[in-house]
Amino acid sequence: MKIFLSWSGEKSKNIAESLKDWLEQVIQTSEPWISTSIEKGKKWSKEISDKLEESKVGIICLTKDNLNAPWILFEAGAISKSSDSYVCTFLTDISSSSEISGPLSSFQNTRFTKEEVLKLLKTINNRIKESKGGKSLSEKALEEVFETFYPKLETKINKILEEKPEDINSTSHIRSDRELLEELVENQRLLKEKINDVWTNKEVNEIVDQYVSNFIKNRTGMEYDYEILEEPYFTEFCDKLANNPLIRKLFSNRDDFKKFLKERYDLPF
C-alpha cells in the first residue's frame, strides 16, 4: 500500500525522509513515497499526481515553518479527495494542535511521541490489512518491531529538530513558486479531463444557464444580460456559485469563469 509523505522546507523534508526509511523497516509491505524519490529524467509533475491518486494514506510533515505552505495545503487536499483515504498531520516542533488553523486543522494529528506514533503505525497496518492483497502484521508482531525500531526514529528526528537554522541549507530543496504553479496547472488540467468524462458540456451549460437566469431575474437593477460580468454583479454571482462542486472543479479562478461566460453568451466585450 502506498503512503504519500508530504513536506515543504528543509527540516520537513529531512523528517519525511526519516519517516520513509523507518516505515520501510517496520512494515516492509508498506510503500512510503516522497518526491525526492523521483528518478532523473521523469516528468516530476505527473509523477507526483500519480502518487497522490494512488496513495491511501498521506502523512503531512508539519513544522512551525510550513504551517501555511501552499504546497502542503495542495497535497493534503489532493489526498483527502478520495473517500477511502486517510490523511494525518505529523507534528514535530509543534506542541499543540491549537497552533494549526485553516484546512489542516480538520485532519487528525499525530504528535511526535512514542504513544502517538504507535497509533499511527497501527492505523497504517490496518489500512494494509483492508487493502486488496495487502499483507499486514499481527498486532503483537507490530508492537514488538515497533519497540525495536522506535528509538532509531526518535534519535534521528530529535537530531533534525536540534539543528540550528544556519546549519540547514533552507533554500536548496524548497520548491520554487514556478514549480508549484506548474504543478497546480497540470493537476487542474488533469482534473478537468476527468470531470469532462462524467459531465458533458451540455449539462455544464444547462447548470450555468439556470444560475444566470435566476440571478438576473432576482437581482434588482440589472437591465441587460452582459451586466453580469460587471461589478458588483459578477462578485455576487460568483458567491452564489461557490457551493456548487462542479463549478468549483471546472473553473480554477474567476478569470476562467468570466471567459467561459463571455464565450457562452457571445457577450460584446
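The values are calculated or read from the model by the stated rules, or taken from the named source; none is laboratory data. This is a predicted model, so every value here is computed, not measured. Heads up, the Cβs are rebuilt from the backbone with ideal geometry, glycines too, and the neighbour counts pull from every protein chain shown. For accessibility, only protein heavy atoms count, side chains too; no ligands or nucleic acids. Shrake-Rupley method; radii C 1.70, N 1.55, O 1.52, S 1.80 Å.
For the stretch 127-148, give me each residue that is without any contact (Cβ under 8 Å) to a residue 24 or more places away in the chain and not in a helix (DSSP H, G or I).
132, 133, 138
Before we move on, is residue 64 open to solvent by 20 Å² or more (accessible area, probe 1.4 Å) and within 18 Å of residue 6 (Cβ to Cβ)?
Answer is yes for this residue.
Keeping to the stretch 159-182, report how many residues are modelled with pLDDT of 65 or more and either of a type in the set (Val, Ile, Thr) or open to solvent by 60 Å² or more (accessible area, probe 1.4 Å) (or both).
Here is the first cut: in the stretch 159-182, the ones modelled with pLDDT of 65 or more are 159-164.
With the extra rule that they be either of a type in the set (Val, Ile, Thr) or open to solvent by 60 Å² or more (accessible area, probe 1.4 Å) (or both), the set shrinks to 159-160, 162-164.
Total meeting the criteria: 5.
Given the conditions (1) closer than 27 Å to residue 126 by Cβ; (2) charged (D, E, K, R); (3) at pLDDT below 75, report the number of the one that residue 43 does not fulfil.
(1)
Would you please name the residue that is least open to solvent (accessible area, probe 1.4 Å), looking only at residues in the stretch 100-124 that are of a type in the set (Ser, Thr, Tyr) and closer than 21 Å to residue 27 by Cα? Steps first, answer last, please.
Let us first name the residues in the stretch 100-124 that are of a type in the set (Ser, Thr, Tyr), namely 101, 105-106, 110, 113, 123.
Restricting the remaining residues to those that are closer than 21 Å to residue 27 by Cα gives 110, 113, 123.
Numbers: 110: 7, 113: 51, 123: 38 Å².
Ranking the candidates gives 110 first.
Every residue in the stretch 112-134 that is at pLDDT below 90 and more than 22 Å from the chain's Cα centre (by Cα), please.
129, 130, 132, 133, 134 - these are the residues of the stretch 112-134 that are at pLDDT below 90 and more than 22 Å from the chain's Cα centre (by Cα).
Please specify each residue of the stretch 89-99 satisfying the condition of being surrounded by fewer than 19 Cβ atoms within 10 Å (Cβ to Cβ), without any contact (Cβ under 8 Å) to a residue 60 or more places away in the chain and not polar (S, T, N, Q).
Residues satisfying the conditions are 94, 99.
Where residues in the stretch 236-269 are surrounded by fewer than 11 Cβ atoms within 10 Å (Cβ to Cβ) and part of a helix (DSSP H, G or I), which of them is modelled with the lowest pLDDT?
Restricting to residues being surrounded by fewer than 11 Cβ atoms within 10 Å (Cβ to Cβ) and part of a helix (DSSP H, G or I), the top hit is 245.
Within the stretch 69-80, does at least one residue satisfy the condition of being outside any helix (DSSP H, G or I) and open to solvent by 40 Å² or more (accessible area, probe 1.4 Å)?
no
Let me confirm something: among 52, 73, 62, which residue is among the hydrophobic types (A, V, I, L, M, F, W, C) and within 26 Å of residue 148 (Cα to Cα)?
62
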